[in-house]
Structures are given as structure tokens and as C-alpha cells.
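Q: Supplied in C-alpha cells, the structure appears directly below.
Read-outs throughout are calculated quantities, based only on the coordinates presented, and are distinct from any laboratory measurement. Just so we're clear, the structure is a prediction, and the values are computed from it rather than from any experiment. Positions of Cβ are backbone-derived with ideal geometry, glycine not excepted, and every protein chain shown enters the neighbour counts.
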Amino acid sequence: MDATRAEGCSSSSIPIPPQWVYDIFVSFRGADTRKNFTSHLFAALEDNGFRTFRDNKELERGEFISGELLKAIEGSRISLIVFSKDYARSRWCLDELVQIMDCRETLKQIVVPIFYDVVPSDVRKQTGVLQDAFTEHEKHFRDGLDCKVGNC
């Protein structure tokens, strides 16, 4: 992700006060919550006058985060992270999460977790269904790393 990360959050040691384009960015796993929880969340936020970034495109598996999405994260005053059962299975979601946490640190963005059908301690401790997702990512990373050093 480092090669595709937008420069606004992580490249400057002294953050410049951002011009907020959006009030709220919502990070969520579309397959889990797009047609139920997050659609209602977006409607409630917009009905109450919040400018929210909405990425209505289905994300292609294995692609890097687009520059547009990175700019939306950086240009948002608040990020809501909807942790769901399969959130951690998506590398895209995890890359978004890294970018959000970078912006929290460098731009003082407010980050609010929302736990949708998961136990908060499973997210914090990476246990339960989240543990399975991280184990899968570790295996894929190890397999990819092994191939790079000629052990395929």
C-alpha cells in the first residue's frame, strides 16, 4: 500500500490544517452491510445535514485503494469504521483502516468504531471470526513472500 498511499497524511512531519471536504467518511465491508446497516446510516447522516463520502462502486478484489478514496479519507473530519464479521477479510478494508489511522495521527481526524454483529473485544484482541481473517492474511502474505525469494 505504501506505493499507492496518498501523500497528504503520511509524508509531512508537520500537518497542515486540512480543508475538510466531507464531514464523515464511512469504512465498511460492502458485502456485509451495504444493503442494510450502512445504507440506513448514510441516509440518517445525510438527513441530518452531514456531508458524507459514499463510494457506491463495488470494489474489485485485489485492487489497491484508489486515489479518490484516499483523498476522501484525508478530506474527512470524522471516519466511522463499521467493523463487521468479514471486515478484516478484505485487504481493501484493512488498507483503508491503515490510512484512517494515519490521518487520525497526522491530521487529528476523529475516528469512531461501530461494531456491527461483532464483539468489540474480538476486534481489539483479534479473536473469533477476526482471528480467522488475520490467519488467512498471514498465510497469503507468507506464501507471497516465499515466492518472492524463490521458494514456490
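Q: As a quick test, which of the pairs K35/K125; K71/K108; K35/K108 have an alpha carbon distance above 22 angstrom in this structure?
A: K35/K125; K35/K108
Q: Given a Förster distance of 22 angstrom, what is the FRET efficiency for K139 paired with S66, based on the Cβ-Cβ distance and rounded to 0.05?
A: Computed FRET efficiency for K139 and S66 comes out at 0.25.
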